[in-house]
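See below for the structure under consideration.
The values are calculated or read from the model by the stated rules, or taken from the named source; none is laboratory data. Only a predicted model underlies this, so the values are computations on that prediction, with no experimental measurement involved. Quick reminder, even Gly has a Cβ in these numbers, built from the backbone with ideal geometry, and neighbours come from all protein chains shown. Note: areas computed on protein heavy atoms with side chains; ligands, DNA, RNA excluded. Shrake-Rupley method; radii C 1.70, N 1.55, O 1.52, S 1.80 Å.
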Amino acid sequence: MKVFTEYLFFETKKKREYVNITNEVEEIVKKSEIEDGMALVSAMHITAGIYVNDAESGLIQDIDEWLQRLAPEGPDYRHHRTGETNGDAHLKNLLIGHQVILPITKGRLDLGPWQQVYYAEFDGRRRKRIVVKVMGK
Amino acid sequence: MKVFTEYLFFETKKKREYVNITNEVEEIVKKSEIEDGMALVSAMHITAGIYVNDAESGLIQDIDEWLQRLAPEGPDYRHHRTGETNGDAHLKNLLIGHQVILPITKGRLDLGPWQQVYYAEFDGRRRKRIVVKVMGK
Amino acid sequence: MKVFTEYLFFETKKKREYVNITNEVEEIVKKSEIEDGMALVSAMHITAGIYVNDAESGLIQDIDEWLQRLAPEGPDYRHHRTGETNGDAHLKNLLIGHQVILPITKGRLDLGPWQQVYYAEFDGRRRKRIVVKVMGK
C-alpha cells in the first residue's frame, strides 16, 4: 500500500476565481505511481472549494451567479463583527464543498468524459493551498 | 490491501429520477471480499448526483421540489448558448454532490438504520454510469 | 495497511446544534497509530451533517440562519404525512453534507490553520452517532 502527498498553491488575481486543476492532479497521480486507488483533493482553507464539473466558460459564470444568489455578499453577517468581510465566502465553501475524492484506475484519474476538477476561490488575492493525497497500490 | 472496482449503468425514463442503489452497492462490497475499509460511489457525469438519505417517497418528492427551487430549470443560463438545455442539472449536481464514501465494517456497509444510497438523475433518458471503488483489507 | 474504527455519540439539548469535534477526531487518529492516510468522519443519521469550517461563534449563527433560509422548517413537506416533522432537517443534511474525509500526515490531521471539524445536529434531543474510520499506514 502506498500513500503519496503533494500541495498545490494558488494566489488568484480576483476575489472569486475558478481554476481547472485536472492536469495538475493527474500529474500528481502519475508521480505517485499508484495504479489503483483514490486521490483526495481538499482545500486547506474555509473560504475556497473543490468541485467536479464542466470546463465550459458560460457554465462557470452560471455557477458563480448561482453561488452569489444562494450565498450573497453583504455587510450583515455576524461573522463581520470580528473585522472580517468574507461571510459569504464561508457559505459558498459549505455549498460547493471543500473536497472531492477521485477514483484512480490503471494509473489514471477514472473520470467521465466531461468531468474536470476545479479549485473555486471565494476570497482570493492571497496565497492559499490545497492538499492532494493519493492512496492505493 | 485490496482495491475492487465496478461500474453501474443507468438509463432513466424520466428527466429527473431518484434510484435507490443500496443493494447494488452492498453486492459489490460482498464481491470485493473487503472486510474493513471504504467504498467510493461516484457519478461519472456532471448532471447526476449521489447522496445518502431516506427511502421515503414523500421525502424524495420534497427533495426534488427543493432542488427545483434552489437550482431551477430555465432558458436563461449562459451554458445554454452552447446548445445545451441542462444548466439546472449541473447546479443540482453541485448542490447534492456527486459522490459519497461509505464505511465498510465486518464486510458490510456500515450505515445507520435509515441511511440509503441514491443515484439522483437530473438529465436522464440516456445511458449514464457511476463508479464504485472499494478499498480496504 | 491499517484500518481503525470508532463511533462518537451525541445527544444535544437543542434541536439544532453545532459541535466542534476536531479534538475527538484527532484523538482517534492518535489511537489508530496511522501516520499517513485518511479519516472518514460520517454521520450515521439522515438529519445530521459533518462539515469543516471556522470555530467562530458569529459565523456559526450565520450558518444556522443560512440553513434555515435555504431549507426552512415548515408544516408543508410531504414527508410529514408519515407523522414526522423534520423534513427541513433532511434537506439541511443534504445541503451541508453528511461526511468529510480528513487527510492524515505524520500522524496528525493535515488541516489548514482555521479548519475545524463540526457535527451539525438538525433534529436533536435524542441519541445519535457518527463513525470515524481511519485508513492508511
Quiz item: Whole-Hz Karplus ³J(HN,Hα) for the range C:125-135, in order, using 6.51 cos²θ - 1.76 cosθ + 1.60 and θ = phi - 60°, x for Gly and Pro?
Solution: 6, 8, 6, 9, 9, 10, 10, 10, 10, 9, 9
Quiz item: How do the peptides A:32-38, C:13-19 rank, highest first, by the average count of neighbouring beta carbon atoms within 10 Å per residue?
Solution: A:32-38, C:13-19
Quiz item: Taking θ as phi - 60°, what are the ³J(HN,Hα) couplings along the range A:5-11 by the Karplus curve (6.51, -1.76, 1.60), each to the nearest whole Hz, with x for Gly and Pro?
Solution: 10, 9, 10, 10, 10, 9, 8
Quiz item: If you put +1 on each Lys and Arg Cβ and -1 on each Asp and Glu Cβ, how big is the dipole of the range A:78-137 around its Cα centre, in Debye rounded to 20?
Solution: 280 debye
Quiz item: Put the label 7 Å from Cα along Cα→Cβ for C:Asn20; what are its distances to the other copies, in nanometres, shortest first?
Solution: 4.0, 4.0
Quiz item: Leaving out ligands, DNA and RNA, what percent of the accessible area of the range C:24-105 is carbon and sulfur, probe 1.4 Å?
Solution: 45 percent
Quiz item: If you roll a 1.4 Å probe over the heavy atoms of the protein chains, what accessible area per residue do you get for the range B:19-112, in Å²?
Solution: 35 Å²
Quiz item: Among the residues of chain A, which one places its Cβ closest to the rotation axis that maps chain A onto chain B, and what is that distance in whole Å?
Solution: A:Met1, 2
Self-check item: Over chain C: helical MRE at 222 nm, DSSP H runs n ≥ 4 each giving -39500 (n - 2.57), nearest 500
Solution: -8000 deg cm²/dmol
Quiz item: Under a 5 Å amide H to amide H cut-off, with H placed in plane at 1.01 Å, what residues pair with C:Ile104 once short-range neighbours are removed?
Solution: C:Gly37, C:Met38, C:Ala39, C:Asp110
Quiz item: Near the amide H of A:Thr12, under 5 Å away, which other amide H atoms are found, from residues 5 or more places off or on another chain, if H is placed in the peptide plane?
Solution: A:Arg125, A:Arg126
Quiz item: Taking the label point as lying 7 angstrom from Cα along the Cα-to-Cβ axis, what are the distances from A:Glu73 to the corresponding position in the remaining copies, in ascending order and in nanometres?
Solution: 3.3, 3.4
Exercise. Just report the Cα centroid separation between the range C:31-101 and the range B:73-137, whole Å.
Key: 18 Å
Quiz item: Among the lysines, which fall within straight-line cross-link reach of C:Lys128, defined as a Cα-Cα distance under 23 Å, with same-chain neighbours fewer than 8 residues apart omitted?
Solution: B:Lys106, C:Lys13, C:Lys14, C:Lys15, C:Lys31, C:Lys92
Practice problem: Quickly rank C:20-29, A:58-67 as a protection proxy: mean count of other C-beta atoms within 10 Å, highest first. | Solution: A:58-67, C:20-29
Self-check item: J(HN,Hα) series, the range A:65-76, from Karplus relation 6.51 cos²θ - 1.76 cosθ + 1.60, nearest Hz, glycine and proline x
Solution: 5, 5, 4, 5, 6, 7, 9, x, 5, x, x, 9
Quiz item: Sorted from shortest, what are the nm distances separating the label point of B:Glu35 from equivalent points in the other copies, each placed 7 Å from Cα along Cα to C-beta?
Solution: 2.5, 2.5
Quiz item: Using modelled amide H (1.01 Å from N, peptide plane; none on Pro or chain starts), what sits under 5 Å from the amide H of C:His98, excluding residues fewer than 5 places away?
Solution: C:Ile50
